[in-house]
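Everything on this sheet refers to the single structure shown next.
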Amino acid sequence: MCLSALVAAGTAGASSARADEATGRWTGHVGARGNYYYERSTRVMAPRADVQLESPTGTRIDADYLVDTITSASVATGVTDDVSFTEVRHEVGMGLSQPFDLAGDELRIGATGRLSLEPDYDSFDAGVLVRLDLANRATVLEMGLGYRHDAVRRSVRMLALSGRLQEVERACSDDPAIDCGLDVLSASATWTQSLNRTMELRLGYDLSFLRGFQWNPYRMVPVNGVPTPEHHPDTRFRNGFTARLIWHVPSSRTSLQIMPRVYVDSWELAAFSGELRIYQEVEPVLFRLRYRYYAQTDAYFYRPAAAIPMGTRYVTADPKMEAFSGHTIGGSIELAMPFLEGTFLDFARRATIDVVFDYTFQDSSFGNAAHAQIGGRIPF
């Protein structure tokens, strides 16, 4: 992506190559990306492929496929012996949208669906998106509604006499009164406004209501020295407020982005994050530097294990419920390839390849974490 496009990143929202009504050509892109995540007890490898197609009339079709390969040695994920194991999650997503002309402005209505399957957790979500572009995309209004249903199980892994790990599937809880499903309703709204030729402001709000199973079915909490299954409240309201300010400096081909976010929910967990990004274009390379600060309070029912009395209704050992803070630093390099034009690789002359690396310093029980990514995209 060239820097001149960064200012309009929030308002463009188009495929990397627009369809051609005059010739009747379909356009779009194909992409592939590999992700690697590392923390103290978990490693995740997640290759992903995606494709986008746009018809001459503007109908847009999106599809992506992701595989998470998670390697962990944590008892909290169902291992009864000190043996690492690998779990695989498959996820597929689809999207379809159609634009409508409103006297020079554009209204786009779309629908999305996503299915995720793993040995002990299945998830399906569907949503409706509405986007209105006004004044040649100087103003963009977006709204979304979504529904998600999750089904939770326990997949207990034990060493068999053969020395191999054997899986035994169980309900999410030994308590038959506990429902193993989770339902989520969500809504979002964003407003993006071009302030002038070099600045853009984006404001957003998202709300979700969760009802059902919201804790780890494997995690045990020591209550007065007695291992007790974790148990969270089964309802939760979540609120998120976001902003993004983009300032482009054409003379130096530099772009600055400031992105604050405030989060608060009905579990009395509040969080703040602030991120600064600096983009610098030196053709054909685009560099990006990133710094993010994150801090949160603890949930109202969080207590250190030693301070949990018998009979407490909600108990947790989830580090995400505890107050902590973190700093993320990272960067990326994106290479455009116009130099391939006229060669036997001419088909990839508009392709890009990028490499990303981020490192997080945090004082949570997860410890520090590293994230690496490499990917590419070819428009057509």
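The values are calculated or read from the model by the stated rules, or taken from the named source; none is laboratory data. Computed from a predicted structure; not experimentally measured. Glycine gets a Cβ as well: all are built from the backbone with ideal geometry, and neighbour counts include every protein chain shown.
Of (1) part of a strand (DSSP E or B); (2) surrounded by fewer than 18 Cβ atoms within 10 Å (Cβ to Cβ); (3) over 22 Å from the mean Cα position of the chain (by Cα); (4) of a type in the set (Asp, Glu), Glu281 satisfies all except one. Which?
(2)
Could you list, ordered by first residue, the pairs with Cβ atoms under 8 Å in which the first is in the stretch 172-193 and closer than 29 Å to His231 by Cα and the second is β-branched (Val, Ile, Thr), at least 6 apart or interchain?
Listed pairs, sorted by first residue: Cys172/Val152; Cys172/Ile178; Cys180/Val152; Gly181/Val152; Leu182/Val152.
Is at least one residue of the stretch 331-342 part of a strand (DSSP E or B), of a type outside the set (A, V, I, L, M, F, W, C), under 19 Å from Gln373 (Cβ atoms) and touching a Ser or Thr at 6+ places or on another chain (Cβ under 6 Å)?
Checking the stretch 331-342: at least one residue is part of a strand (DSSP E or B), of a type outside the set (A, V, I, L, M, F, W, C), under 19 Å from Gln373 (Cβ atoms) and touching a Ser or Thr at 6+ places or on another chain (Cβ under 6 Å).
Looking at Arg131, Arg114, can you tell me which residue is more than 21 Å from Leu182 (Cα to Cα), at pLDDT 95 or above and among the charged types (D, E, K, R)?
Among Arg131, Arg114, only Arg131 is more than 21 Å from Leu182 (Cα to Cα), at pLDDT 95 or above and among the charged types (D, E, K, R).
Which one is farthest from the chain's Cα centre (by Cα), of the residues in the stretch 257-269 that are surrounded by fewer than 16 Cβ atoms within 10 Å (Cβ to Cβ) and in a strand (DSSP E or B)?
The residue in question is Ile258.
Among the residues of the stretch 234-244, count how many are touching a residue at least 60 places away in the same chain (Cβ under 8 Å) and surrounded by fewer than 16 Cβ atoms within 10 Å (Cβ to Cβ).
Counting residues in the stretch 234-244 that are touching a residue at least 60 places away in the same chain (Cβ under 8 Å) and surrounded by fewer than 16 Cβ atoms within 10 Å (Cβ to Cβ) gives 0.
For every residue, the table says whether it meets (1) under 21 Å from Glu268 (Cα atoms); (2) touching a residue at least 40 places away in the same chain (Cβ under 8 Å).
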| position | (1), (2) |
| --- | --- |
| Gly326 | yes, no |
| Gly342 | no, no |
| Ile353 | no, no |
| Asn368 | no, yes |
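Just a yes or no: is a residue in the stretch 216-226 at pLDDT below 95, of a type outside the set (Ser, Thr, Tyr), at positive phi and loosely packed, with under 15 Cβ neighbours inside 10 Å?
So far as the stretch 216-226 goes, yes, one or more of its residues are at pLDDT below 95, of a type outside the set (Ser, Thr, Tyr), at positive phi and loosely packed, with under 15 Cβ neighbours inside 10 Å.
What is the residue count in the stretch 343-376 for residues that are at pLDDT 95 or above and charged (D, E, K, R)?
2
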